[in-house]
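Chemist: Handing you a structure now.
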Amino acid sequence: MFLDILASLQRLFVGYIPAVVLGSFIGYFIGLNSMVYQLFRLIFQIPHSIPPIALLPIALLAFQESESAAIIVVFLGTLWTMIINTAIGMRHFHRQNNNFRVAIFHLFHALKVSIWVAWFIVIATEMLIGPRGLGFTLWDAYKAGNADYIIQQILYIGIIGFLLDQLLDFAAYLLSQMVSDGKKSS
């Protein structure tokens with residue numbers, strides 16, 4: 001079980017972290033200018049409207065290897081979500097007179113939505129192509145007709161998703177407190 005959890009988390013972070021970094025930068029620059037924002041918001045809605053799991057067959061054809069294909073799908077699904085939500089956050093930041101608490105809120109909202117999307121993609125790709133991970137063991141339990149094991153896997157998936165969400169909430173709280181404390185001492 002531990003190795004399946006590690007495999008799922010590895011897929012998650014190998015696809016999620018680069019997408020978050022790149023998506024934050026792109027979203028930041030798009031959000032700086034309202035005309036650029038309006039143009040790119042519409043352009044990025046097109047790939048964002050495609051369910052990321054639908055990209056799996058193309059990724060499998062392109063990369064010929066399931067691990068790379070799964071990570072690319074996680075990356076792409078996370079990238080669009082991060083770009084759009086970061087750009088929206090930057091627009092709110094400017095409308096609120098460059099309020100850093102607003103920026104922190106929107107950035108962490110983007111991170112939370114993106115991690116949910118990435119976690120969903122990881123579990124779905126593992127269910128489809130395996131060969132290990134929580135999604136694979138969940139699907140394997142279904143094929144074996146083992147309801148107890150299915151419930152156990154769903155609980156693991158839910159608990160890990162909850163912990164990732166709480167970790168981001170805690171980081172946002174700490175950063176928000178640092179910004180508030182920095183303003184008080186100035």
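Chemist: Whole-Hz ³J(HN,Hα) for each residue in region 28-44, computed from phi via Karplus 6.51 cos²θ - 1.76 cosθ + 1.60 with θ = phi - 60°, x for glycine and proline: what do you get?
Modeler: Ordered by residue, 3J(HN,Hα) equals 4, 5, 5, x, 5, 10, 5, 5, 4, 4, 4, 5, 6, 4, 5, 5, 6 Hz.
Chemist: To continue, here is another question. Beta carbons within 10 angstrom, averaged per residue: use that to sort the peptides 42-52, 63-73, 85-95, highest first.
Modeler: 85-95, 63-73, 42-52
Chemist: Short version: ³J(HN,Hα) in whole Hz for each residue of region 130-140, in order, from phi by Karplus 6.51 cos²θ - 1.76 cosθ + 1.60 (θ = phi - 60°), x for Gly and Pro, what are they?
Modeler: Ordered by residue, 3J(HN,Hα) equals x, x, 8, x, 5, x, 5, 5, 5, 5, 4 Hz.
Chemist: Along the charge dipole of the chain, pointing to its positive end and built from +1/-1 on Cβ of Lys, Arg, Asp and Glu, which listed residue (ILE71, LEU134, MET1) has its Cα farthest out?
Modeler: ILE71
Chemist: Once you put a point 7 Å from the Cα of MET35 and another 7 Å from the Cα of PHE63, both along the Cβ direction, what distance in nm separates them?
Modeler: Roughly 3.9 nm, to one decimal.
Chemist: What number comes out for the charge environment of VAL102, summing +1 per Lys or Arg and -1 per Asp or Glu over other residues with Cβ under 11 Å away?
Modeler: +3
Chemist: Given a 1.4 angstrom probe, I'd like the percentage of the accessible area of the chain that is carbon and sulfur, rounded to a whole number.
Modeler: Carbon with sulfur: 71 percent of the solvent-accessible area.
Chemist: Largest first, how would ASP165, ASP148 line up by accessible area (1.4 Å probe)? Kindly include the intermediate steps, with their values, before the conclusion.
Modeler: Working: ASP165 45, ASP148 120 Å².
Ranked from most to least accessible, the order is ASP148, ASP165.
Chemist: To the nearest 20 debye, what is the magnitude of the charge dipole of the chain about its Cα centre, counting +1 on the Cβ of each Lys and Arg and -1 on the Cβ of each Asp and Glu?
Modeler: On the way: 10 positive and 9 negative charges, 166 e Å.
Charge dipole of the chain: 800 debye, to the nearest 20.
The values are calculated or read from the model by the stated rules, or taken from the named source; none is laboratory data. The shown structure was predicted, so the numbers you read here are calculated from the model rather than taken from an experiment. Using ideal geometry, Cβ is built from the backbone for each residue, glycine included, and neighbour counts are taken over all protein chains shown. Accessible surface is based on the protein model in full, side chains and every heavy atom, while ligands, DNA and RNA are left aside. Shrake-Rupley method; radii C 1.70, N 1.55, O 1.52, S 1.80 Å.
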